[in-house]
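One structure below.
The values are calculated or read from the model by the stated rules, or taken from the named source; none is laboratory data. Since this is a predicted model, take the numbers as computed values, not measurements. FYI the Cβ positions are ideal-geometry reconstructions off the backbone, even for glycines, and counts take in every protein chain you see.
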Amino acid sequence: MRLVWRKGRNRSGVGQSILDVPADTLERIAMAVDTPVYVYDAEAIRSRYDELTVALSGFPHEILYSVKANSNLSILRLMRGLGAGADIVSGGELVRVLRAGFAPGKVVFSGVGKTRRELTAAVENHIGLVNVESHDELTLLNEVAQELRTVVKFGFRVNPDVATNTHPYTQTGERGMKFGVPMGEVLSQALWARDQEYLLLQSVGMHIGSQILDASRFRQGAEKLASLIEQLRDSGAEELHSADVGGGIGIQYTSEEGLDAAQYASVIEPLARSTGLKIMLEPGRYLVGNAGYLLTRCVHTKQSGGRSFVVVDAGMNDLLRPSLYGAVHDICVVAGGETDELKLRSVDVVGPICETGDFLGVDRKLPEVKRGTLLAVRSAGAYGFTMSSNYNSRPRPPEVMVEGNRWAIIRERETIEDLMRGEQLSPDVALDWRTGRENTVDE
C-alpha cells in the first residue's frame, strides 16, 4: 500500500514550545481523522537510532528493534531502512517483520512460550537465531529441527538474577521469574545440545527488564554474562558468535532523566572487549517511546466529591499503561483550551470506559480545559497501540506518521464492522445441554 502524504504546517502556534511536532500539525491531523489517534514522528525515531548507533560505535554490535513496542508495518519499514534487525516474540510478529522486508537472517525470536507451530515457522524461514528459555523448549526445538532436517542456530536467554527498580510486571531478570534459563543450568543444557545433530549454539543473552534508568544494573548483568561465556568456552563451546544484552533502556516520561546512550554503551563495552563477541541489543521503547503522541479531545468536564474531571474520548483500551502499571505520561493542551501555563488547576483526565481504573492521568496540573479541547498524551509511541484492545466494543484508533511537514495515515481507524468480523449470530437450532437433543431457540 502506498502512503498518501498530506501537508502539515510549520507556523508557531499553541503548544509549539512543548511539542516536537508543531501543534498546528497535530490539530490538522485530529481534524482530518478525528480522535483518538496515535501520531508518530519519523525524524524523532531516526534521531534516537543515530544517537544509539554513535554511542555503540566503539565495538561490534547489532541493533535488533523490539517489535512488541510498536509493530506497525510503516514503523518496521523505517527501522529496516535504518539498518536494524528485528527482535520478535510471536509467530504473528514473524509474519509482520517478513512482510516489512526484514531479511530472515536479521530476525531473533525470543519469548518463553513458543509453540511447535511458531518454532516450525521460524526454522522454515531460516531466521537468524532462536533464543530458548527452558530445557523443555530446547528439546521441542530439537524435535522440529530433526523433522525438518535443518540445522538451527540458537541462543540461551539466561536469568542472571539481577534486581531492577522498575514496576514488578516489567522485571524479568530476577530469580523466580518465568523468563530465562537459570544460570546454573546453562552449562548442562549446552552440553546436551552439543550432542544433537541439528542444534548449533551461537549466542548467550539476557533481558533484565524494561524502563531501566540505572546503568549499574546492566553492568551487573553484563559481568555475569561474561563469566558464563568463559565457562561455556572452557567446556568447548567454540561456536559462540554473539552476546545478547537485551533491551530495557529507560526513557524520560515526565521529570525523570532517561538513560544516556553513551553511559549505557560504557557499561556494555567491557563485555565486548573481554569476550570478543558481537553485542546484540534489543531496544524498543528507547527508539519509539518519545516519538509518539496519543491525541484525544475533551468530551465533558465535571465535578464530583471535590475532584475535577476532564472526560476525554481516549480510554484504557487505547492506552493501557496508566491503568496497568500506574505509568505517568505528560499530558498537555494542544488547541481549543486555555494556554496560560500560569493558570493551572488539578484535574483527573479520565476516559469513557466503564471502569473506575480507566484514566490517562490523575491529579494533573492543566490550564482550563473545556469540551472540544484537544490534548496530547506524550511519550506514547511504545506499548500504546500494541497493547490496545476493543474493550467496550470500541474500535482501535488510527495511526499517523509525520515526516517533516507531511503526514500520512499508516493504519486506518477500525470500524464496528471490523470488530464483529468472524462472529456469528446464534443458530436457529441448538443442542439442549441437559438432554443433548435439538431444541429451537423458541423452546
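Numbers for the structure displayed
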{"item": "Test: residue in the stretch 240-258 that is surrounded by fewer than 18 Cβ atoms within 10 Å (Cβ to Cβ), closer than 24 Å to Leu320 by Cβ and among the aliphatic types (A, V, I, L, M)", "result": "no"}
{"item": "Residue count for the stretch 216-233, restricted to those that are closer than 16 Å to Gly276 by Cβ, among the polar types (S, T, N, Q) and touching a residue at least 24 places away in the same chain (Cβ under 8 Å)", "result": "1"}
{"item": "For Arg378: the one exception among (1) within 29 Å of Lys68 (Cβ to Cβ); (2) free of Cβ contacts under 8 Å to residues at least 24 places away in the same chain", "result": "(2)"}
{"item": "Candidate set: the stretch 80-122, residues that are free of Cβ contacts under 8 Å to residues at least 40 places away in the same chain and among the acidic types (Asp, Glu); chosen: the one nearest to Ile208 (Cα to Cα)", "result": "Glu93"}
{"item": "Odd one out for Ser388 among (1) within 21 Å of Thr25 (Cβ to Cβ); (2) within 23 Å of the chain's Cα centre (by Cα)", "result": "(1)"}
{"item": "All positions within the stretch 33-51 that are among the aliphatic types (A, V, I, L, M) and in contact with a Phe, Trp or Tyr (Cβ under 7 Å, 6 or more places away or on another chain)", "result": "Val39"}
{"item": "Filter result (more than 20 Å from Ala382 (Cβ to Cβ) and in contact with a strand residue (DSSP E or B) (Cβ under 6 Å, 6 or more places away or on another chain)) within the stretch 53-83", "result": "Pro60, His61, Glu62"}
{"item": "Residue count, the stretch 380-403 (criterion: touching a Lys or Arg at 6+ places or on another chain (Cβ under 9 Å) and either in a loop (DSSP other than H, G, I, E, B) or among the hydroxyl-bearing types (Ser, Thr, Tyr) (or both))", "result": "13"}
{"item": "Scan of the stretch 354-379 for residues that are closer than 23 Å to Glu43 by Cβ and either in a loop (DSSP other than H, G, I, E, B) or in contact with an Asp or Glu (Cβ under 8 Å, 6 or more places away or on another chain) (or both), ordered by number", "result": "Leu374, Val377, Arg378, Ser379"}
{"item": "Test result for Leu64, under 30 Å from Val299 (Cβ atoms), buried (at least 24 other Cβ atoms within 10 Å of the Cβ), among the aliphatic types (A, V, I, L, M) and outside the structural domain of Val267 (by TED's automatic domain parsing)", "result": "no"}
{"item": "Selection from the stretch 130-152 of residues that are crowded, with 18+ Cβ neighbours inside 10 Å and farther than 13 Å from Gly205 by Cβ", "result": "Ser134, Glu137, Leu138, Leu141, Asn142, Val144, Ala145, Val152"}
{"item": "From Ala86, Ala44, Ala100, Ala121, residue being in contact with a strand residue (DSSP E or B) (Cβ under 6 Å, 6 or more places away or on another chain) and modelled with pLDDT of 95 or more", "result": "Ala86"}
{"item": "Candidates Asp330, Asp363, Asp348, filtered to the one that is at positive phi and either surrounded by fewer than 22 Cβ atoms within 10 Å (Cβ to Cβ) or touching a His at 6+ places or on another chain (Cβ under 6 Å) (or both)", "result": "Asp363"}
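For every residue, the table says whether it meets (1) out of contact with any Leu (no Cβ under 8 Å at 6 or more places or on another chain); (2) not in a strand (DSSP E or B); (3) not assigned by TED's automatic domain parsing to the domain that holds Ala237.
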residue	(1), (2), (3)
Asp87	no, no, no
Arg96	no, yes, no
Phe102	no, yes, no
Val108	no, no, no
Gly113	yes, yes, no
Ala122	no, yes, no
Ile127	no, yes, no
Glu143	yes, yes, no
Lys153	no, no, no
